[in-house]
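Colleague: Structure in structure tokens, see below.
Every read-out reported here was derived from the displayed coordinates using simple, explicitly stated rules and does not represent laboratory data. Model, not experiment: these values are computed from the prediction. Quick reminder, even Gly has a Cβ in these numbers, built from the backbone with ideal geometry, and neighbours come from all protein chains shown.
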Amino acid sequence: MNDQAVLIGVIVFSGLLIIGLGIYIHQAKAYNLIAGYNTLSREEKEKFDIKKYALTFRNSFLIMGILMIFSYPILLLLNLDKYLSIVAISIIIIGVLYLNYMGKVYRKKGNN
């Protein structure tokens, strides 16, 4: 097994894991796995629209996972595969920043 096959396997596994976590948290209503939700007070939890946030969480993780899986083949086609680490880290950072922002949006709006 060559190094490229191992790298592809790791990338696909990571992407599928991210997608699976997003779908699991949304479908199983495993809101306690969302960072920071357990630390909210009862009043803050009532104001926070967790169902919309969980849907946003699922969609974000789905997009992040798909981008992770397809980033390597696209970078190979463009002969930019040496930038895979930068692209993968950027995908995760942008996704986390977006979810952090959306958490603040859903906290401010409450159940509207």
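Colleague: Explain nothing, just the number: relative contact order of the chain, from Cα pairs under 8 Å at least 6 residues apart, as a whole percent.
Modeller: 36
Colleague: What do you get for chymotrypsin sites (Phe, Trp or Tyr not before Pro) in region 32-85 restricted to DSSP loop and a cutoff of at most 16 other Cβ within 10 Å of the site's Cβ?
Modeller: Sites meeting the loop and neighbour criteria: 37.
Colleague: Count of lysine pairs in the chain with Cα atoms under 27 Å apart, counting only pairs 8 or more residues apart in sequence or on different chains?
Modeller: Lysine pairs meeting both conditions in the chain amount to 19.
Colleague: Let me ask something else about it. Find the Cα radius of gyration of region 31-83, compare it with 2.2 N^0.38 Å by division, and give the number to two decimals.
Modeller: 1.74
Colleague: Next question, about the same structure. Calculate log10 I(q)/I(0) of the chain for q = 0.14, 0.24 Å⁻¹, where I(q) comes from the Debye formula with a single equal point scatterer on each Cα and nothing for solvent.
Modeller: -0.63, -1.29
Colleague: Is it possible to state the helix-based mean residue ellipticity at 222 nm for the chain, with each DSSP H run of 4+ residues giving -39500 (n - 2.57), the sum divided by total residues, to the nearest 500 deg cm²/dmol? What is it?
Modeller: -26500 deg cm²/dmol
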